[in-house]
Structure formats: structure tokens, C-alpha cells
1. Picking from R60, R90, R6, which residue would you name as being at positive phi and at pLDDT below 95?
2. What single numbered condition from (1) closer than 20 Å to C145 by Cβ; (2) touching an Asp or Glu at 6+ places or on another chain (Cβ under 9 Å) fails to hold for H35?
3. Suppose we filter V77, V127 for residues that are of a type in the set (V, I, T) and modelled with pLDDT under 95; which single one remains?
4. Kindly check whether there is at least one residue in the range 47-61 that is surrounded by fewer than 19 Cβ atoms within 10 Å (Cβ to Cβ), of a type in the set (A, V, I, L, M, F, W, C) and out of contact with any Gly (no Cβ under 9 Å at 6 or more places or on another chain).
5. Looking only at the range 50-80, count how many residues are over 13 Å from V138 (Cα atoms), more than 15 Å from the chain's Cα centre (by Cα) and touching a residue at least 60 places away in the same chain (Cβ under 8 Å).
6. How many of the residues in the range 87-145 are surrounded by 16 or more Cβ atoms within 10 Å (Cβ to Cβ) and of a type in the set (D, E)?
7. Of the numbered conditions (1) buried (at least 18 other Cβ atoms within 10 Å of the Cβ); (2) of a type in the set (F, W, Y); (3) touching a Cys at 6+ places or on another chain (Cβ under 9 Å), F64 satisfies every one except a single condition; which is it?
8. Please work out which one of (1) at pLDDT below 95; (2) at negative phi is the condition R100 fails and give its number.
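The values are calculated or read from the model by the stated rules, or taken from the named source; none is laboratory data. In this text the structure is predicted, and so the values were computed from the model without any measurement. Positions of Cβ are generated from backbone atoms using ideal geometry, with glycine treated the same way; all protein chains shown enter the neighbour counts.
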Amino acid sequence: MKESSRRHPAVTARMMAAVRNKNSRAELALRRALHARGVRYRLHAKDVVGKPDIVVRKYRLAVFVDGDLWHGNAWRVRGLSRLEDLFPSRTDWWVAKIRRNVARDGEVSERLATDGWTVVRLWESDVLADPIAASARVIDALRDCGAPRPPTATLSLTPPT
């Protein structure tokens with residue numbers, strides 16, 4: 001890359017600071033849908049391995065809303081044939097980083113399962129496309145953990161006017 005085409009480090013820092021690691025749009029949409037259906041939960045439990053986005057301690061349920069880019073799904077969402085096609089520059093570095101994230105996700109899920117937790121992992125793009133369906137997956141997992149089915153409420157995910 002030519003020196004003149006490089007982005008200033010301050011610009012890159014500002015862009016990366018805007019990337020959320022919690023309270024993303026997808027996570028908020030899922031939380032809204034779950035809450036509307038009567039599910040109560042805790043957020044980002046620091047004492048649970050992997051700090052899941054949503055935790056229902058009573059039923060040992062851990063829910064992760066995985067960002068497509070950082071957790072290795074963006075190339076599929078964008079219709080590319082492989083992960084490497086997503087990164088035109090510094091390809092090796094980016095692919096290694098994403099693969100480490102995916103491996104860590106697997107390790108966290110395995111450890112939680114070993115500790116008796118049920119793990120639900122949802123893709124950010126799936127949650128944004130249909131928060132109701134994503135919440136149904138969580139509720140199904142809760143039911144599998146022995147929770148009674150929460151009352152179904154009419155869901156409206158648009159703010160009142």
C-alpha cells in the first residue's frame with residue numbers, strides 16, 4: 001500500500017472505538033424480543049466463562065450474539081467463497097485473527113457445556129433479520145433446560161410514536 005493512501009492512525013482508532021463489543025443493535029433487538037416474551041435475564045455476567053451477552057442463571061443458559069465479521073460469518077453473508085476473500089490486504093493477519101476468535105468461541109462453548117451450561121450462539125445477521133425467530137431459539141433452549149414456556153406476548157419491535 002502506498003504511503004499516501006494510508007489512513008491516519010487517529011482515524012483508525014476512532015473507527016475501532018465505535019465498534020461495540022456489547023449492546024450492539026443485534027443484541028438489543030434480541031433482548032427486546034426476549035423481554036417482550038416474558039424472559040428475564042442478566043447481561044454480560046463477568047463470573048460466567050466467556051462473559052455471555054445474555055445469561056439466565058436459574059436454568060444455566062448462556063446466549064452469545066456473535067458479530068459476523070469478528071466470529072467468521074461475514075464472508076458467507078457477503079456471498080464470498082472463502083474467508084480469505086474478505087480481506088484484500090493483510091489477509092494472513094486477519095484470517096489468523098478471525099480463526100483464533102472462532103477457536104476461542106468453541107473453547108468457551110465447550111467449557112460452559114462441561115460446567116453444565118446450555119449455550120446458544122446466534123449470528124448478528126440472523127438476529128437483525130428476524131429477532132422474533134432468534135428469541136424463539138433462546139426460548140426453546142430455555143424449555144429444554146426445564147424452564148416453563150413464558151407467556152407469548154404480541155411483539156412490536158418498533159418504538160411507539
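1. On the way: R60 fails: at pLDDT below 95; R6 fails: at positive phi.
Only one candidate passes the filter, namely R90.
2. (2)
3. Details: V127 fails: modelled with pLDDT under 95.
Result: V77 is the single residue among V77, V127 that is of a type in the set (V, I, T) and modelled with pLDDT under 95.
4. Quick first cut of the range 47-61, residues surrounded by fewer than 19 Cβ atoms within 10 Å (Cβ to Cβ) only: 47-51, 57-60.
Subset that is of a type in the set (A, V, I, L, M, F, W, C): 48-49.
Checking the rest, the ones that are also out of contact with any Gly (no Cβ under 9 Å at 6 or more places or on another chain) come to 48-49.
Within the range 47-61, one or more residues are surrounded by fewer than 19 Cβ atoms within 10 Å (Cβ to Cβ), of a type in the set (A, V, I, L, M, F, W, C) and out of contact with any Gly (no Cβ under 9 Å at 6 or more places or on another chain).
5. Total satisfying the criteria: 1.
6. So the count comes out to 3.
7. (3)
8. Among (1) at pLDDT below 95; (2) at negative phi, the lone unmet condition for R100 is (1).
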